[in-house]
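Report on one structure; see the data block that follows.
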Amino acid sequence: MQSEVSEPSEEQYLNCIRCGLCLAVCPTYREYLTETASPRGRVALARKGLEGELELSPNLAEQMYACFDCLACNEICPVGIRPADLALNMRDLQEQRQLSGWKQTLFGGLIPKPGRMEAATWPLRIYEELGLRRLVYVLGLRRLLPHQLRDIEAMLPHMPQRPLRQALPEISEANGETRYRVGFFLGCAQSLMFAEESAASVRVLTRNGCTVVTPKETVCCGMPALGYGRTDLVREQARFNIALFEKANVETIVTDCATCGSTLKDYGKLLADDPNWAARAAEFSKKVRDVSELLMSIPFEKPQGRLEARVTYHDPCHLRRGQGVWKQPRALLQMIDGLEFVELPEADWCCGSAGSQLITHYETSLKVLERKTENLASTKADYLASGCPGCQMQLILGVRRQGLDVQVVHPIALLDIAYKK
Amino acid sequence: MCHCEAVLFRRSSPLSQGIASLAEGRSLAMTQTREKMDKSIIAQLTTITGKDGVLSTPEDLAVYGYDATFEDHRPDVVVLPRTSEQVSQALALAARERIPLVTRGMGSGLAAASVPFNGGIALTMTRMNRILEIDTVNATAHVEAGVVTADLQAAVEKLGLFYPPDPSSIRHSTIGGNIACNAGGPRCLKYGVTGDYVLGLTVVLADGRILHTGGKCIKDVVGYDLKALFTGSEGTLGVITEALLRLIAKPKFARTALVEFVRLDDASRTVNVILQAGVVPATLELMDETAIACIEAALHLGLPLDVEAILLIEADGSDEAAVLREMEAVTETCRARGARQVKVAEDETERASLWRARRSLSPSLARKAPNKLGEDITVPRSAIPETVRRLKAISTKYELPIVIYGHAGDGNLHPTILFDKRDPEQSVRVEQMAAEEFALALELGGTLSGEHGVGTLKRPYMQQALGPLSLEVQKRVKQALDPLNILNPGKVFPE
């Protein structure tokens, strides 16, 4: 498919002095307590594989897939090695050496095509709409499902009847005078699974002087393909989205999905070597803001309504470490009168979602999740806010498994409630 | 993947094969006949620990061959026990089959003490990580060897107690490893080293028997002090599986000052002046300009980049007024000795970030060069200024940078040579420089290592440091406890 294989460069691993600092912060190491499941171990494997000391075997690739890409090792490394990035690059190398057909179908054919994604999730909407889901619960049929499928079922939020892409107007005018013209990036998971929350994001933005332009043809930001080693597909998707938003003529591009945000902000880096796209990609990335980040940077209307509730907040890895955004969502929540904010212990520790780890690394994902739900239980919160659809689905599962009485929401959704009151 | 495919005892080179055979007192031919039993050994180990406690894929073996030095040699199998009983059975098997066994924790050692140069079993203690008891009346903690030191500290501090030893690797090293290398850290100046907190140990001996030594009594003079013997033995005398640790009351107040010196020499001279003034700070750390620059590049804390040295000084205690008085005395002394500025951390966050900076110093030096050799020579503290001056002279002579930092208050320095291992000519110079550093420490009445241990890196200098009689006594101890030489063979003793 590609003429030459691009490998991670020597600088990405050469200076790792194997100090072991990263072991302390790695969710997979802390569960398995084996070097093989640690960032230092992955860097050593990558190095030995690239230098020819080890075969680039399927098991070596598997160790790269075992990383949850929570970025904690990137952040702590005192030398500046980025083990999580290296693991992704190694997946990419594996794909270049041996292309898996199903990834082409899934990441090339299905995910980047909004219409097909909507069609694919249609059975879920029917499942919800016809009351089948209630029936399954009432009759206790869930128990008949295998464990893993039961857990995946438990993650499902309540699905909207119509996909948001169809329900949302192309242009949502600001309430009152337009102070900002912003583009809204419809994230696949956020707008499909949590459509009501994305609708709330648009309402909150228009309330605060933003005229929101929502291009309907956006394709997936590319993170799923990146996670499965298909950087080539990510670049294709990036070029498409960049061109699309250039036409929208906006000053800022807003997303309410942590993962989309971190990927969109990386387009500049991803296309840096492409002479036709480097400047356009850099310009695009410069405009990208998480919704909480944007709201905290403009004059913001304090909600008049009260929300009497105890609320805690989970940091999505790709928001806190991927984008350095962690103060803003907390600040927004604390503007709501009546709301009692409690800090979640280890708030920035991965929840175990990591995109699709619940499917591909079921046991590890659940172990990492348990740590999160134990911390959550200690807060006695009514709401757990988190601005990432992957985290939200995982956290919904955690709450159900633990039998907690906690509602998982996007922080903006709580703001929206406070505005409505 | 292909778990059963890996062949145990596939030696990576004829040399290591020879060494291993010598260590076991067996011929090469016998090693080869043993290869036929490989699968049976893995099967037996699996019976002992369960399937998830034995790792043997090429990928697993490739990552259990290193610690935090640049040494690397793969083991033949990795075993992760969960109980002392499992360790006992694994050791009995190793003794029966004459398999070398190297114990390791999180692999953050700085002397290659846990690198399995002879292959064999890498016995990894990380899954024995339970805190068995915290006794608040007797102020003791009973823990398994694989407990992460910072986790223990957090657990006892919740109860108002304190476990002082604080190697920079507290978050990525285990109690077992700390004891096996008698780890130190900044706070040792006031509170002493790991060994000062070991009240009792459970040790699996080379033949698999389980020894319990010590107990909750502060005083105990019955028989030899075996726990002291195993402390610092680097896995050569037995496998430490549990420890009973002494705790003290947690100091309620602490103040940390960052003191800037335009001249390095002024900083190193000030250390002794402070200590002679009757103040015993909890820590008294020295960092030179390269060290400061590396931390700053890694953490962006706004450290001064135009001074030759800083001292990081902490006073702590249970009486706030006393702590403040100590800090004032320190400040005054520093000013009088030429400090440009004394900045006391305003709050806990600022204090924590200073210590985080100090802890990440050693690894952050790798920003300057692909390889580093950090030593931990220790001298009587009166010799600190001279040591610092002569280390700089060694650096000038060999034209390779030596970064100087360390626990100046207790005479323990970390001169770190920065180099590129890929350049063989540089590697030769590094060896000569290390030899000069050691000779310097010994000449000034000091020692080769204050807290890292000997491992293999300092083995060549043991004769010079200890003399023949001390070495002979130590070898007899080793022979008495490990007659087959299966426990971490090739470490500590010179060839």
### Flag if B:Gly185 is of a type in the set (Gly, Ala, Ser), buried (at least 20 other Cβ atoms within 10 Å of the Cβ) and more than 16 Å from B:Ala243 (Cβ to Cβ)
yes
### Query
Failed condition for A:Lys367, given (1) without any contact (Cβ under 8 Å) to a residue 40 or more places away in the chain; (2) under 24 Å from A:Cys26 (Cα atoms); (3) of a type in the set (D, E, K, R), with all others met?
(1)
## Note on the structure
Heads up, the helices (runs of 4 or more DSSP H) in the stretch A:227-303 (entirely inside) with at least 3 residues that are within 26 Å of A:Gln104 (Cβ to Cβ) and out of contact with any Leu (no Cβ under 7 Å at 6 or more places or on another chain) are A:231-248, A:258-265, A:267-270
### Task
Return the pairs, sorted by first residue and then second, in which the second residue is crowded, with 19+ Cβ neighbours inside 10 Å and among the aromatic types (Phe, Trp, Tyr), the first residue lies in the stretch A:62-87 and is more than 15 Å from A:Arg321 (Cβ to Cβ) and assigned by TED's automatic domain parsing to the domain that holds A:Gly227, the beta carbons are less than 8 Å apart, and the residues are 6+ apart or on different chains.
none
### Message
The conditions are (1) surrounded by 19 or more Cβ atoms within 10 Å (Cβ to Cβ); (2) out of contact with any Asp or Glu (no Cβ under 9 Å at 6 or more places or on another chain); (3) not in a loop (DSSP other than H, G, I, E, B), and B:Ala122 fails exactly one of them. Which is it?
### Response
(2)
### Message
On the basis of being in contact with a helix residue (DSSP H, G or I) (Cβ under 7 Å, 6 or more places away or on another chain), assigned by TED's automatic domain parsing to the domain that holds B:Ala94 and at pLDDT below 95, does B:Val78 make the cut?
### Response
no
## Note on the structure
Cβ pairs under 8 Å, 6+ apart or interchain, first in the stretch A:93-107 and touching a residue at least 60 places away in the same chain (Cβ under 8 Å), second of a type in the set (S, T, N, Q), ordered by first then second residue, are A:Leu93/A:Ser6; A:Gln96/A:Gln2; A:Gln96/A:Ser6
### Task
Hey, could you check the stretch A:290-319 for residues that are free of Cβ contacts under 8 Å to residues at least 40 places away in the same chain and among the charged types (D, E, K, R) and say which is surrounded by the most Cβ atoms within 10 Å (Cβ to Cβ)?
A:Glu293
#### Entry: Output for the stretch A:63-82, where each listed residue is surrounded by 20 or more Cβ atoms within 10 Å (Cβ to Cβ) and of a type in the set (Asp, Glu)
A:Asp69
### Query
Quick one: which of B:Arg358, B:Arg337 is under 30 Å from B:Glu443 (Cβ atoms), under 26 Å from the mean Cα position of the chain (by Cα) and not assigned by TED's automatic domain parsing to the domain that holds B:Thr447?
B:Arg358
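Residue-by-condition table, conditions (1) in a helix (DSSP H, G or I); (2) under 21 Å from B:Ala154 (Cα atoms); (3) at pLDDT 95 or above:
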{"residue": "B:Thr202", "(1), (2), (3)": "no, no, yes"}
{"residue": "B:Tyr224", "(1), (2), (3)": "no, no, yes"}
{"residue": "B:Lys227", "(1), (2), (3)": "yes, no, yes"}
{"residue": "B:Gly235", "(1), (2), (3)": "no, no, yes"}
{"residue": "B:Leu244", "(1), (2), (3)": "no, yes, yes"}
### Task
Read through the list (1) under 24 Å from A:Thr364 (Cα atoms); (2) within 14 Å of chain B (Cβ to nearest Cβ); (3) touching an Asp or Glu at 6+ places or on another chain (Cβ under 7 Å), then give the number of the only condition that A:Ala72 fails.
(3)
### Query
For residues in the stretch A:345-394 being closer than 22 Å to A:Asp256 by Cβ, surrounded by fewer than 24 Cβ atoms within 10 Å (Cβ to Cβ) and small (Gly, Ala, Ser), which is farthest from the chain's Cα centre (by Cα)?
A:Ala381
### Query
Which members of the stretch A:1-52 meet the condition of being under 11 Å from A:Ile81 (Cβ atoms), touching a residue at least 40 places away in the same chain (Cβ under 8 Å) and either facing another protein chain (nearest Cβ under 10 Å) or part of a helix (DSSP H, G or I) (or both)?
A:Gln12, A:Asn15, A:Cys16, A:Ile17, A:Cys19, A:Leu21, A:Cys22, A:Pro39, A:Arg40, A:Arg42, A:Val43, A:Ala46
### Task
State yes or no: is A:Val342 outside the structural domain of A:Met64 (by TED's automatic domain parsing) and within 17 Å of the chain's Cα centre (by Cα)?
no
### Task
Write out, first by first residue and then by second, each pair whose Cβ atoms fall under 6 Å of each other, whose residues are 6+ apart or on separate chains, and whose first residue, in the stretch B:40-54, is without any contact (Cβ under 8 Å) to a residue 24 or more places away in the chain while the second is β-branched (Val, Ile, Thr) and surrounded by 13 or more Cβ atoms within 10 Å (Cβ to Cβ).
B:Thr46/B:Val54
### Task
Find the helices (runs of 4 or more DSSP H) located wholly in the stretch A:352-412 whose residues include 2 or more that are outside the structural domain of A:Cys70 (by TED's automatic domain parsing) and within 30 Å of A:Phe300 (Cα to Cα), and list them.
A:362-379, A:389-402
### Query
Within the group B:Gly192, B:Gly238, which residue is buried (at least 22 other Cβ atoms within 10 Å of the Cβ) and not hydroxyl-bearing (Ser, Thr, Tyr)?
B:Gly238
### Message
Looking at the stretch B:398-408, can you tell me whether even one residue there is over 18 Å from B:Gly184 (Cβ atoms) and among the hydroxyl-bearing types (Ser, Thr, Tyr)?
### Response
yes
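The values are calculated or read from the model by the stated rules, or taken from the named source; none is laboratory data. Note that the structure is a prediction, hence the values are computed from the model and not measured. Virtual Cβ from ideal backbone geometry, glycine too; neighbours counted across all protein chains shown.
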